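Presented below is the structure to which this report refers.
The values are calculated or read from the model by the stated rules, or taken from the named source; none is laboratory data. On a predicted model such as this, the values are computed, not experimentally measured, just so you know. Backbone-built Cβ (ideal geometry, glycine too); neighbour counts: all protein chains shown.
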Amino acid sequence: VIGVSAAGPRGVMRGDSAAQLTVSGSAELAAAADERAAWIALASIPGVGPAGFAALLRHFGSASRAAQAEPTSVVDLLPRADVDTVPALRALTRVGVAAVARRLVECAQHVGGEVLTALDDAYPPSLARLEHRPPVLYLLGAASALSRPSVAVVGTRRPSGYGRAIATEIADELARAGIAIVSGLALGIDGAAHVATLDAGGVTVAVLPSPIDRIYPPRHRGLAARIVAEGGALVSEAPPGRLTGKPDFARRNRIISGLADAVVVVEAPDHSGALLTASSALAQGRDLYAVPGPIDGITSRGCNRLIADHQAELVTSAVSLVQRLGRRPAGRSTAVATLSETEALVLGALLKRSGSIEELLGRLDLTTASLASALTLLEARGLVISYGGVTFHPTLAAKQIGMPKA
Amino acid sequence: VLSEMLSATVLGVDGVPVRVEADVAFGLPSLTIVGLAGSAVQEARERVRSALRNCGFEVPARRITVNLAPADLPKEGTGYDLAIAVAILGASGQLGSAPVRSCAMVGELALDGSLRPVPGMLALAAAVRVAGVNEVVVPATSTREAATVRGITVVGAASLGDAVAHLVGLRPLPSALPTPLPEWIPPVGTPDLADVIGQPVARRALEIAVAGRHSLALTGPPGIGKTLILRCGEGLLPPLEEDEAVEVSRIHSVAGLVDRRNPVIRQRPFRAPHHTVSTQGLVGGGTRVRPGEASLAHRGVLMLDEMLQFRADALDALRQPLESGVVTIARVDGALTLPARFTLLAAFNPCPCGWRGARGRECRCEDAAARRYLGKLSGPLRDRIDIWVTMDEPEPFGPGARGGESSTAVAQRVAGAWRGQRERQGVANGELTGQVDDNAGLTRRMQATLAQRARRFGLSPRRIHRASRVARTIADLEGSRTISQLHVDEALAYRPEPRT
């Protein structure tokens with residue numbers, strides 16, 4: 001008996017080379033279960049990437065046969081085979097496919113997760129159609145989160161306050177319009193998007209570069225737990241226990257774009273990983289949006305280039321993005337805030353344009369002391385936020401109050 | 001025959017009376033010094049021998065034993081020379097039979113018998129007073145230094161001969177006039193705030209920090225004026241009060257840093273050690289304990305530019321003085337406490353390359369490296385810094401273009417705020433402990449506001465107390481008796497960034 005996931009193996013196979021089978025007897029059911037185990041085991045072999053896995057299926061007809069084949073003949077078909085591949089394949093023949101698969105499923109279950117193969121019904125349809133779909137996914141949380149209408153919100157790990165504020169606003173607006181937000185759990189924009197979605201009561205999916213039993217980055221362990229607890233999911237193609245390397249980050253980006261119907265790049269400098277997500281989005285035929293940034297800075301250079309090259313559509317506001325995606329933006333309950341004259345003046349100036357204390361002093365006729373105290377009060381009321389202590393931004397709550405009449 | 005003379009030594013920054021006993025007995029001619037005498041004291045034998053001979057005295061060809069009591073206190077330095085010489089003279093009967101004056105003697109002997117100054121004369125003279133003797137004979141060049149101490153007669157002697165003549169009443173020397181508290185002359189050559197481009201928040205933070213003696217940390221990319229602003233702090237310091245001046249002068253005298261003709265320091269210390277300083281150099285220590293930079297900055301400013309470049313253990317050693325105003329140095333023979341109540345003015349880059357979070361330039365540090373870098377600033381140390389300001393490059397058309405206030409104008413407000421604090425509570429707001437309360441003008445309502453804001457910003461109780469003291473200083477700068485909500489809110493604007 002293999003560890004059966006919540007989805008469980010059903011009779012229908014969706015493999016490229018596998019013919020459509022209908023359940024007609026227990027022998028076929030057992031064969032399907034064996035094949036599923038072979039998928040899980042084979043996909044966990046180092047050096048067998050999604051492309052290699054597809055090549056093996058094409059050549060051998062099924063994963064079970066590939067797993068039994070002579071390792072050296074298997075390695076020849078793998079474009080990314082490395083020194084660990086042959087020993088791992090030999091170990092697989094020695095230990096047996098079923099035992100290896102069972103161990104992997106148990107490891108996933110140990111942290112509360114499950115295994116999805118492309119053979120399973122619960123495997124997200126958006127990924128199933130991809131050229132380099134992950135043959136096996138490890139999932140922690142609700143599988144249903146993967147099949148919802150979703151948008152990926154991605155960006156740099158070192159955002160400016162502007163990027164953080166915009167990521168928060170976009171994720172909030174999308175989430176309240178009922179769209180799930182997919183991102184990579186990274187520090188910076190990814191984290192801001194996940195948090196904003198959860199704060200808005202939405203569902204969010206994090207695609208990890210690491211296995212689900214080793215959350216990366218460790219600083220987002222708490223956030224990961226919250227995502228799962230609040231109806232979202234963590235997804236990874238890395239088998240439990242695998243160490244995470246640089247290529248894993250690039251590889252997971254195709255899953256982020258693949259899971260989503262559209263991808264929004266919020267802030268990305270040159271060479272940002274978010275640009276890899278953008279190019280895989282284009283390759284997969286997903287709609288690509290980019291948030292423009294100031295052209296004299298470096299933090300948005302990648303985004304601006306995507307727009308300039310007509311690869312991404314320019315995002316003018318979070319609301320317009322929701323409309324472009326064919327959704328109706330959810331309204332906001334308007335709150336009333338009582339502000340002193342100075343506070344209204346400061347908030348009004350910030351709603352026109354975010355700025356530092358020094359910059360605001362140039363725009364407003366105030367002393368440093370009174371401006372500093374007004375900003376603290378506005379921050380305490382949740383109307384203003386400063387990321388990094390220099391530049392102050394109006395929050396979502398401030399935007400819904402609108403421009404105070406000063 | 002036995003004879004005794006009082007002298008003194010410096011332990012930390014305090015003087016300790018030392019009794020010098022000499023015994024001349026029959027036996028092989030020798031001169032032995034006992035009582036945990038260090039190498040400089042052992043060499044006193046040769047200096048004393050030559051000085052006695054060259055002044056026309058005789059070194060008895062007997063077995064001479066000199067004991068320095070208390071005998072369990074390790075002794076270093078050359079200040080005992082004079083007392084040893086006189087004690088030997090007494091023991092060998094060369095001072096005559098009449099009773100001699102009751103006095104103490106401190107000074108180093110030259111081979112020709114002339115007297116040389118020793119460091120720490122202020123502390124030494126004070127120790128003599130503690131021992132119940134009311135006259136001290138010191139080297140003539142140290143007279144003004146010793147005469148700073150009130151309640152004791154100071155006599156300056158140029159040589160061993162003069163000192164002995166005075167002692168036996170042959171040729172009494174005049175007692176020195178008490179050294180007056182000198183006029184304060186504002187320091188020259190310090191940078192002026194008028195030269196700082198932009199950075200209104202950092203300027204304001206410096207003003208508050210200096211006025212209330214709160215520790216300040218500036219962070220931001222290189223080249224934006226962090227160092228310049230901190231250096232401007234020196235020109236904002238009010239002069240030392242009389243009691244403080246004596247205290248500070250004594251520490252500097254022990255370190256040998258005072259001008260012997262003008263031994264009383266009026267200018268508040270402003271110490272800016274280089275980041276390569278050792279832990280001992282920063283907080284004091286060594287086999288013969290010397291005050292470190294932290295003690296030399298007592299009642300003044302300790303400026304740590306590029307704070308995160310300092311050795312981690314050196315930084316950590318600052319925790320105790322920041323909290324309690326003293327440094328405790330553990331030694332083989334017990335712990336020694338040195339005063340070190342300074343205002344910390346610190347600056348550091350946000351990451352090793354310096355550009356993290358800055359506009360216009362990209363930070364090229366590994367995340368882990370940047371975290372390690374900031375990790376050097378330990379939690380307890382962060383907690384002890386009252387005012388935090390993150391700086392960025394000045395706005396090209398910001399208020400800096402209009403030109404800022406000069407240091408003179410700011411120093412006036414600082415002096416006013418300091419007078420207010422001294423009248424109300426005797427010490428600076430930054431030196432208070434606990435939370436500022438009703439009596440200091442923080443009403444119940446404002447306490448509630450502060451607590452509510454603290455919850456919102458996730459501040460620790462310690463941080464709340466610190467904010468209340470900063471708010472008190474902001475009110476003092478305005479000359480306000482009560483602390484308003486504006487003061488509280490401004491104080492909270494200088495809270496540290498949450499660590500992400």
Subset of region A:76-92 that is within 30 Å of residue A:260 (Cα to Cα) and not small (Gly, Ala, Ser) - its residue that is surrounded by the most Cβ atoms within 10 Å (Cβ to Cβ): A:78
Residue in region A:187-208 that is surrounded by fewer than 23 Cβ atoms within 10 Å (Cβ to Cβ) and hydroxyl-bearing (Ser, Thr, Tyr) present: no
Residue among B:137, B:154 that alone is β-branched (Val, Ile, Thr), touching a Gly at 6+ places or on another chain (Cβ under 8 Å), at pLDDT 95 or above and within 21 Å of residue B:17 (Cβ to Cβ): B:137
Residues within region A:285-334 that are of a type in the set (S, T, N, Q), part of a helix (DSSP H, G or I) and in contact (Cβ under 8 Å) with a residue 12 or more places away in the chain, tallied: 1
Number of the condition not met by residue A:187 [criteria: (1) at pLDDT 95 or above; (2) within 14 Å of chain B (Cβ to nearest Cβ); (3) out of contact with any Gly (no Cβ under 8 Å at 6 or more places or on another chain)]: (1)
Among the candidates B:371, B:462, residue that is more than 12 Å from chain A (Cβ to nearest Cβ), outside any loop (DSSP other than H, G, I, E, B) and within 22 Å of residue B:219 (Cα to Cα): B:462
Residue within region B:49-65 that is within 34 Å of the chain's Cα centre (by Cα), touching a residue at least 12 places away in the same chain (Cβ under 8 Å) and within 18 Å of residue B:112 (Cα to Cα) present: no
Residues (over 19 Å from residue B:110 (Cα atoms) and of a type outside the set (Val, Ile, Thr)) located in region B:145-165: B:145, B:146, B:147, B:150, B:151
Breaking point among (1) of a type in the set (Asp, Glu); (2) under 36 Å from the mean Cα position of the chain (by Cα); (3) modelled with pLDDT under 90, for residue A:341: (2)
So residue B:450, is it under 18 Å from residue B:428 (Cβ atoms) and either hydroxyl-bearing (Ser, Thr, Tyr) or more than 8 Å from every other protein chain (Cβ to nearest Cβ) (or both): no
Selection count where residues are in contact (Cβ under 8 Å) with a residue 40 or more places away in the chain and part of a loop (DSSP other than H, G, I, E, B), scope region B:224-259: 10
Filtered residue count, region A:174-186, keeping only those that are surrounded by fewer than 24 Cβ atoms within 10 Å (Cβ to Cβ) and touching a helix residue (DSSP H, G or I) at 6+ places or on another chain (Cβ under 7 Å): 1
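Give the residues of region B:17-37 that are farther than 19 Å from residue B:117 by Cβ and within 30 Å of the chain's Cα centre (by Cα), sorted by residue number.
Taking region B:17-37 as the starting set, the residues that turn out to be farther than 19 Å from residue B:117 by Cβ are B:17, B:19, B:21-37.
Scanning region B:17-37 gives B:17, B:19, B:35, B:36, B:37.
Conditions (1) assigned to a loop (DSSP other than H, G, I, E, B); (2) under 23 Å from residue B:65 (Cβ atoms); (3) among the charged types (D, E, K, R); (4) in contact (Cβ under 8 Å) with a residue 12 or more places away in the chain, marked per residue:
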{"position": "B:96", "(1), (2), (3), (4)": "yes, yes, no, yes"}
{"position": "B:101", "(1), (2), (3), (4)": "yes, no, yes, yes"}
{"position": "B:133", "(1), (2), (3), (4)": "yes, no, no, yes"}
{"position": "B:136", "(1), (2), (3), (4)": "no, no, no, yes"}
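One line per residue, one yes/no per condition, for (1) of a type in the set (Phe, Trp, Tyr); (2) free of Cβ contacts under 8 Å to residues at least 12 places away in the same chain; (3) assigned to a helix (DSSP H, G or I); (4) surrounded by fewer than 20 Cβ atoms within 10 Å (Cβ to Cβ):
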site	(1), (2), (3), (4)
A:36	no, no, yes, no
A:41	no, no, yes, no
A:53	yes, no, yes, no
A:58	no, no, yes, yes
A:72	no, no, yes, yes
A:94	no, yes, yes, yes
A:105	no, no, yes, no
A:116	no, no, no, no
A:151	no, no, no, no
Residue in region B:225-244 that is polar (S, T, N, Q) and closer than 23 Å to residue B:340 by Cα present: yes
Residues that are within 23 Å of residue B:359 (Cβ to Cβ), without any contact (Cβ under 8 Å) to a residue 60 or more places away in the chain and facing another protein chain (nearest Cβ under 7 Å), drawn from region A:350-406: A:356, A:357, A:358, A:359, A:361, A:362, A:368, A:372, A:375, A:376, A:389
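Table: residues versus (1) surrounded by fewer than 23 Cβ atoms within 10 Å (Cβ to Cβ); (2) closer than 15 Å to residue A:156 by Cβ; (3) polar (S, T, N, Q); (4) within 14 Å of another protein chain (Cβ to nearest Cβ).
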{"site": "A:223", "(1), (2), (3), (4)": "yes, no, no, yes"}
{"site": "A:228", "(1), (2), (3), (4)": "yes, no, no, no"}
{"site": "A:236", "(1), (2), (3), (4)": "no, no, yes, no"}
{"site": "A:239", "(1), (2), (3), (4)": "no, no, no, no"}
{"site": "A:242", "(1), (2), (3), (4)": "yes, no, no, no"}
{"site": "A:258", "(1), (2), (3), (4)": "no, no, no, no"}
{"site": "A:270", "(1), (2), (3), (4)": "yes, yes, no, yes"}
